[in-house]
Amino acid sequence: MTEDHFTGLIQRVKDEPSRRIALAGADDPTALEAVDRAHREGLAEATLVGDPAAIEANAANLGVDLEPFEMVASADAAGTAASLVGGGRSDVLMKGSVASKAYLRAVLNEDNGLRTGRLLSHVMVAAVPAYHKLLFLTDAAFNIAPTLAEKADIIRNAVDVARILGVGRPKVAVLAAVEKVNLPDMPATGDAAALTVMARRGQLGDCIVDGPLAFDNAVSRESARIKGIESEVAGDADVLLCPDIESANILYKCLIHFSGARAGAVIVGAAAPVVLPSRADDAMTKYLSIVTAMAIAGG
């Protein structure tokens, strides 16, 4: 099973002190199912925020026992859940049935206590059947067209996540369409080269960065060999940094729908991990996102 790469992470979260997730819009069936599984497996406690009648109706349909969960009635589920996390009453924030815009407004609202001054970015953690270890992909959901400085922060965030999840010195592949700098036609290649130099000078933390690298060279040693690429990262990347949200989002969904990847995803850079699932994500993806977020919260 592709979630085998997550086995050690799941056990680690079980072995740590219990932490609490605040689910905003807890009447969402797949989110509720994921939270219930995480609770039954000893991974998390939960506070269910939203319309109690709707939550109870969906719980009844799913066969979920609500007795172990705290329930908080709120017409502003996103704001209430965010304030619970920012105020220290919960450790992880998760989106349920609330609209994404309202949810992100709540995260960014300084009154809710989640802002830190760091750039927020999205990190996917994927177990891909064809790959030999967990793969970290960024940024598929938050930063639309990041600048060079923002890409540096996105790398720092992803490296922090990878290290917390057990990668000693993450290898970061900065993706582009080609392996050589091609300016002005392909600006992503110039950013990749600059980020590589920044990493070598110690500006991006304890990681190894190389780019530009095409996707095949980042994940396939054979492809890198055929193209004559000598790199510590090529064929063994831990982190894939995409040029923009469009390329990252496409790759994210290709890995899930065409490659059979199992994945969790979080937004990091806030005072606590923020789970922002897609409406189309199944209960397994949301469950693995909880696992990932809980591990980061304990890191």
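The values are calculated or read from the model by the stated rules, or taken from the named source; none is laboratory data. Keep in mind that what you see is a predicted model, and the values were worked out from it rather than measured. As a convention, Cβ positions derive from the backbone with ideal geometry for all residues, glycine included, and neighbour counts pool all protein chains shown.
Some values worked out for this structure:
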| read-out | value |
| --- | --- |
| Test: G298 is at positive phi and surrounded by fewer than 23 Cβ atoms within 10 Å (Cβ to Cβ) | no |
| Helices (runs of 4 or more DSSP H) (entirely within the stretch 1-88) containing at least 2 residues that are among the polar types (S, T, N, Q) | 7-15, 52-62, 77-86 |
| Residues that are among the small types (G, A, S) and more than 18 Å from A158 (Cα to Cα), drawn from the stretch 235-262 | G235, S259, G260, A261 |
| Selected residue (only one of V197, V161 is out of contact with any helix residue (DSSP H, G or I) (no Cβ under 7 Å at 6 or more places or on another chain) and β-branched (V, I, T)) | V197 |
| Filter result for A177 (part of a loop (DSSP other than H, G, I, E, B), touching a Pro at 6+ places or on another chain (Cβ under 9 Å) and surrounded by fewer than 22 Cβ atoms within 10 Å (Cβ to Cβ)) | yes |
| Set A26, A53, A78: member being farther than 14 Å from V274 by Cα, assigned by TED's automatic domain parsing to the domain that holds V275 and surrounded by 24 or more Cβ atoms within 10 Å (Cβ to Cβ) | A26 |
| Neighbours by Cβ (under 6 Å, 6+ apart or cross-chain): first from the stretch 222-239, assigned by TED's automatic domain parsing to the domain that holds A162 and closer than 13 Å to K133 by Cβ; second among the small types (G, A, S) and at pLDDT below 95 | G235/A224 |
| Wholly within the stretch 182-299, strands (runs of 3 or more DSSP E) carrying at least 2 residues that are farther than 30 Å from L23 by Cα and modelled with pLDDT of 95 or more | 208-213 |
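So that you can scan it fast, the table gives a plain yes or no per residue for (1) of a type outside the set (D, E, K, R); (2) surrounded by 24 or more Cβ atoms within 10 Å (Cβ to Cβ):
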{"residue": "K227", "(1), (2)": "no, no"}
{"residue": "V239", "(1), (2)": "yes, yes"}
{"residue": "P243", "(1), (2)": "yes, no"}
{"residue": "I250", "(1), (2)": "yes, no"}
{"residue": "V274", "(1), (2)": "yes, yes"}
{"residue": "D281", "(1), (2)": "no, no"}
{"residue": "T285", "(1), (2)": "yes, no"}
{"residue": "L288", "(1), (2)": "yes, yes"}
{"residue": "T292", "(1), (2)": "yes, yes"}
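Listed here are the residues, each with its yes/no results for (1) of a type in the set (S, T, N, Q); (2) closer than 22 Å to V125 by Cβ.
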{"position": "H5", "(1), (2)": "no, yes"}
{"position": "I21", "(1), (2)": "no, yes"}
{"position": "D28", "(1), (2)": "no, yes"}
{"position": "E33", "(1), (2)": "no, yes"}
{"position": "L48", "(1), (2)": "no, no"}
{"position": "N61", "(1), (2)": "yes, no"}
{"position": "A82", "(1), (2)": "no, no"}
{"position": "M94", "(1), (2)": "no, yes"}
